[in-house]
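This report concerns only the one structure given below.
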Amino acid sequence: MTSTRPRVAIAGMSIESSTFSPHRSGWEAFTLRRGDELVAHYPFLADGAPLRDAAGWTGVLHARSLPGGAVPADVYESVRDEIVATLRAQQAEHGPYDGVLLDIHGAMTVVGRDDAEADLAAAVRAAVGPGTLISTTTDLHGNVPRELAEVSDLITCYRMAPHEDVWETRERAAGNLLSRLRSGGAPKKAWLQVPVLLPGEKTSTRIEPAASIYADVARVAELPGVVDAALWVGYAWADEPSCRAVVVVTGDDEELIVREAERLGRRYWDARDEFAFVAPAAPYEECVATALASEQRPYFLSDSGDNPTAGGAGDVTWTLARLLAEPAFAATSEASSRTAIYASLPDAAAAREVAKAWAEHGAGAEVDVEAGARVDDGPHGPVRLRGVVEHVSEGDPDAGIVTVVRVGGLRVILTERRKPYHLESDFTSIGLDPRGTDVVVVKIGYLEPDLYDMAADWMLMLTPGGVDQDLLRLGHHRLTDPTHPFHEFESEPNLTPTLL
């Protein structure tokens with residue numbers, strides 16, 4: 001507890017890492033923030049905001065990346081070691097920190113290491129000592145091994161999927177930390193692993209049963225004697241023993257938090273077979289045929305197996321190769337008026353080649369380039385784009401060079417680096433009109449809010465890649481046995497929480 005304005009450090013490392021993708025998330029993948037830049041990154045810590053004035057905030061180091069493949073060990077260890085060294089140096093100069101806001105994802109995989117975020121949290125704990133409260137904020141698609149829960153005095157995650165409550169969750173973690181620093185200190189935690197591992201596209205809070213279950217999580221969090229309640233669905237595209245659902249209820253009433261954690265865990269377990277895809281889901285052929293037959297425009301299709309915001313490499317060409325061969329989109333077809341957008345394909349060399357053609361010949365330049373499958377060529381090799389350049393721009397903070405190549409009625413967004421296309425402005429800013437297009441194919445799982453509002457209708461395509469929705473064909477072999485739906489259960493699991 002502290003009677004003066006507490007000193008709180010902010011640190012962390014955040015990425016969602018598929019172990020089934022050959023992609024590696026090196027330094028180029030991460031945005032590093034330190035000092036005042038890191039503090040200013042949090043909207044609830046803006047000048048004049050109540051939380052900003054309630055504590056002295058110090059930005060240590062935060063490394064954030066778009067989801068991708070596993071992180072090389074040297075990259076992770078460099079980030080961890082800088083966080084630890086900075087914390088130690090700052091405390092040596094200014095005295096111990098009262099609290100740490102540890103901002104992580106929960107699904108980071110580091111090459112050669114399990115439970116990297118538990119290792120990071122333990123290193124932070126060793127640096128600040130047992131008297132400093134650590135409040136950990138995570139994604140609900142993260143994993144919470146016991147070691148991470150033990151090291152964290154407070155731990156929480158999002159309650160919405162899609163994640164419309166990202167900043168609300170981080171603010172809650174910060175607010176809970178300051179509240180416990182004022183009075184109460186470290187609470188108790190009831191921690192329970194639930195032996196279920198499902199993809200986010202089957203656990204969206206837009207539909208049942210997740211909608212009601214997460215409403216119940218929020219209700220439990222408001223009970224007297226409870227500080228916070230959280231339910232993680234786990235990360236389905238990593239093959240580690242801790243990948244499974246977890247419930248943590250935090251508070252001072254031990255009997256209550258244990259009871260409520262067990263009730264939430266049992267409710268999730270009992271609903272395990274009720275979870276279904278958030279939209280009609282089918283293989284490529286059925287999805288495209290349905291979209292073309294529909295009168296709804298625009299019709300969105302999720303190329304879900306290579307979703308870069310779930311950890312896909314982003315350059316899998318399996319779906320694009322089939323779209324390029326679709327008669328409905330071919331320039332010589334009787335149905336050449338049918339239009340489609342494909343968002344997107346990263347290939348640095350190909351994007352530069354298209355940009356060069358644009359610079360030399362202007363709009364309408366003809367190109368013939370091979371692109372894609374430079375990182376993940378498992379499902380399909382590079383594709384040949386023979387078409388007309390309609391747009392080139394440079395300097396996109398995520399994608400770098402952005403080009404649009406029209407092949408018949410299909411417009412392919414070809415970029416220098418991976419970029420998710422989640423906003424209508426992502427399309428309109430490069431001269432595309434998604435609302436006036438017949439079919440829009442996006443590398444995503446469930447549609448983010450802007451796309452969801454724009455889509456007249458949509459389907460989830462079950463396509464191959466590092467984040468394949470068909471979990472059983474990925475080849476997990478290190479999950480804790482038994483875990484639903486990977487193993488058979490000989491008896492009901494023990495759903496008794498552990499009091500930490």
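The values are calculated or read from the model by the stated rules, or taken from the named source; none is laboratory data. On a predicted model such as this, the values are computed, not experimentally measured, just so you know. All Cβ positions, glycine included, derive from the backbone under ideal geometry; neighbour counts span all protein chains shown. With ligands, DNA and RNA removed, areas are computed over all heavy atoms of the protein, side chains included. Shrake-Rupley method; radii C 1.70, N 1.55, O 1.52, S 1.80 Å.
Here are a few things to note about the model shown:
- Taken one residue at a time, the phi angles of region 421-427 give Karplus couplings (6.51, -1.76, 1.60, θ = phi - 60°) of 10, 10, 10, 4, 5, 4, 8 Hz. Gly and Pro are set to x.
- Close amide H contacts of I134 (hydrogens built in the peptide plane, cut-off under 5 Å, sequence separation of 5 or more or a different chain): V100, D153, L154.
- HN-Hα J in Hz across region 376-381 - Karplus 6.51, -1.76, 1.60, θ = phi - 60°, x for Gly and Pro: 10, 9, x, x, 6, x
- For region 101-209, averaging the sequence separation of C-alpha pairs within contact (under 8 Å, six or more residues apart) and dividing by the residue count gives a relative contact order of 27 percent.
- Under 17 Å from the A359 label point (7 Å along Cα→beta-carbon), backbone N, region 410-453: 415-417
- Modelled spin-label separation between D368 and R5, with each label point placed 7 Å from Cα along the Cα-to-Cβ direction: 6.8 nm.
- Taking amide H atoms as placed 1.01 Å from N in the peptide plane, the amide H of V196 lies under 5 Å from those of A245, H484, each 5 or more residues away in sequence or on another chain.
- C-alpha long axis of helix 210-221 to longest principal axis of the chain, angle in °: 20
- Projecting label points 7 angstrom from Cα along Cα→Cβ for T290 and A325 puts them 2.2 nm apart.
- Heavy-atom accessible area for E370, with the other protein chains in place and a 1.4 Å probe, reaches approximately 110 Å².
- Extension gain for A349 to T428 (0.36 nm times residue separation, less C-alpha to C-alpha distance): 26.0 nm.
- Area accessible to solvent at L133, 1.4 Å probe radius, in Å²: 20
- Computed over the chain, relative contact order equals 17 percent, with contacts defined as Cα pairs under 8 Å that lie 6+ residues apart.
- Remark: for residue pairs K188/K443; K202/K419; K189/K443, the C-alpha separation exceeds 30 Å in K188/K443; K189/K443.
- The H on the amide N of D239, modeled in the peptide plane, is under 5 Å from the matching H of T19, each at least 5 residues off or on a different chain.
- Three-way shape call for region 100-209 based on the alpha-carbon gyration tensor, with the a/c threshold at 1.5: oblate
- Cα centroid separation - region 448-494 against region 1-65, whole Å: 30
- Per-residue ellipticity at 222 nm from helix content only, as computed over the chain with -39500 (n - 2.57) for each DSSP H run of at least four residues, stands at -8500 deg cm²/dmol.
- Extension gain for D396 to A92 (0.36 nm times residue separation, less C-alpha to C-alpha distance): 105.3 nm.
- Label-to-label distance, nm, for residues given as S337 and S491 (7 Å Cα→Cβ offset): 6.8
- Rounded Å value of the spacing that divides the Cα centres of region 183-219 and region 267-286: 18
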